[in-house]
Amino acid sequence: MFDRSIKIAPSILSADFANLGAEIRAVEAEGADWIHVDPMDGHFVPNLTIGPNVVAAIRPHVKTFMDVHLMIAPADPYIEAFAKVGSDMITIHAESGPHLHRSLQAVRGFGKKAGVALNMTTPISHIEHILDAVDMVLIMTINPGFGGQKFTHSMVGKVRDMRRMIGDRPIHIQVDGGIDPTTAPLVAAAGADVLVAGSAVFKGGSVDTPQVYGDNMRAIRAAAEAAQA
Ligand code: DX5
Ligand code: ZN
């Protein structure tokens, strides 16, 4: 069931935090493939967002696939908590601790898919020898911490190099940061299949006008699919 078809993963960081359940139901009804959740610790990144209690509260609303991008260092003490509240994928930053392989094994030990995120300055060679422990590589296309930042074009080549390194392995490539209908085709052509988008999905819409979310996602998907290698 692994496949490289384009998957749109709205980041709920750009949703209305007072209305997360309804926001999730709205984007899923309009075609979201995954729901991307961004816990931040105010230490690894200069922002504080959500913890396991909020993830537990939104879990019943997620009917697709809950993709949890931990921007937390160290991540290890929190893996169990995020696993127990029903994450489907837990992504750990390569820079968040010295024993990345152990962290990834811990994620799989809870029966979850294991992702590894690379900050822009972290080379792909960092994970070359542990790819068997990985279900997804997240190539950051911004400095993590905030939505609405500008896409970094030099990351397109990094996605291409990562795609080549992965070869036939069943490993997704996710991109996160500044993805919209103009940048999506660049990363899709380079080999990314999971496209996180926050501001480009939620802009202009609300739970009362969910078709705007649908139009925003369809524009990203169409541009990416037309370009996919
Ligand atoms: C930022 C988060 C992203 C963020 C992306 O650190 O990891 O998921 O929400 O937002 P946009 O799509 O607006 O760049
Ligand atoms: Zn993210």
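The values are calculated or read from the model by the stated rules, or taken from the named source; none is laboratory data. Computed from a predicted structure; not experimentally measured. Here the Cβ is made from the backbone with ideal geometry for all residues, glycine too, and neighbour counts use every protein chain on show. Surface accessibility is based on the protein's heavy atoms, side chains included, excluding ligands, DNA and RNA. Shrake-Rupley method; radii C 1.70, N 1.55, O 1.52, S 1.80 Å.
Before we move on, is residue 44 farther than 30 Å from residue 217 by Cα, in contact (Cβ under 8 Å) with a residue 12 or more places away in the chain and among the aromatic types (Phe, Trp, Tyr)? For residue 44, the condition - farther than 30 Å from residue 217 by Cα, in contact (Cβ under 8 Å) with a residue 12 or more places away in the chain and among the aromatic types (Phe, Trp, Tyr) - is not met. Do we have any residue at all in the stretch 67-88 that's of a type outside the set (Val, Ile, Thr), surrounded by 19 or more Cβ atoms within 10 Å (Cβ to Cβ) and closer than 19 Å to residue 210 by Cα? Taking every residue of the stretch 67-88 in turn, none turns out to be of a type outside the set (Val, Ile, Thr), surrounded by 19 or more Cβ atoms within 10 Å (Cβ to Cβ) and closer than 19 Å to residue 210 by Cα.
For first residues located in the stretch 29-41 and buried (at least 21 other Cβ atoms within 10 Å of the Cβ), partners that are of a type in the set (Phe, Trp, Tyr) and lie 6+ apart or on another chain with Cβ distances below 6 Å form the pairs 34/65.
Scanning the stretch 4-24 for residues that are without any contact (Cβ under 8 Å) to a residue 60 or more places away in the chain and more than 16 Å from ligand 1 (Cβ to nearest atom) yields 18, 21. Among residues of the stretch 146-164 that are basic (Lys, Arg), those with a beta-carbon under 7 Å from a residue that is near ligand 1 (Cβ under 8 Å from one of its atoms) at least six positions away or on a different chain give the pairs 150/178.
For the stretch 89-102: of the residues being farther than 20 Å from residue 166 by Cα and away from ligand 1 (no atom under 16 Å from the Cβ), which is surrounded by the most Cβ atoms within 10 Å (Cβ to Cβ)? Going through the qualifying residues, I end up with 97.
Go through the residues of the stretch 204-221 one by one and say whether even a single one is of a type in the set (A, V, I, L, M), within 16 Å of ligand 2 (Cβ to nearest atom) and farther than 21 Å from residue 16 by Cβ. Checked the stretch 204-221: no residue is of a type in the set (A, V, I, L, M), within 16 Å of ligand 2 (Cβ to nearest atom) and farther than 21 Å from residue 16 by Cβ. A residue that is on the phi > 0 side of the Ramachandran plot and either out of contact with any helix residue (DSSP H, G or I) (no Cβ under 9 Å at 6 or more places or on another chain) or not acidic (Asp, Glu) (or both) occurs somewhere in the stretch 102-113. Across the stretch 152-173, what is the total count of residues that are in contact with an Asp or Glu (Cβ under 8 Å, 6 or more places away or on another chain) and closer than 16 Å to residue 117 by Cα? So the count comes out to 4. The set of residues in the stretch 145-165 being open to solvent by 20 Å² or more (accessible area, probe 1.4 Å), of a type outside the set (A, V, I, L, M, F, W, C) and within 16 Å of ligand 2 (Cβ to nearest atom) consists of 147, 148, 149, 150, 152. Only one entry of 133, 227, 200, 190 meets the criterion of being away from ligand 1 (no atom under 16 Å from the Cβ), surrounded by 17 or more Cβ atoms within 10 Å (Cβ to Cβ) and more than 30 Å from residue 76 (Cα to Cα), and that entry is 190.
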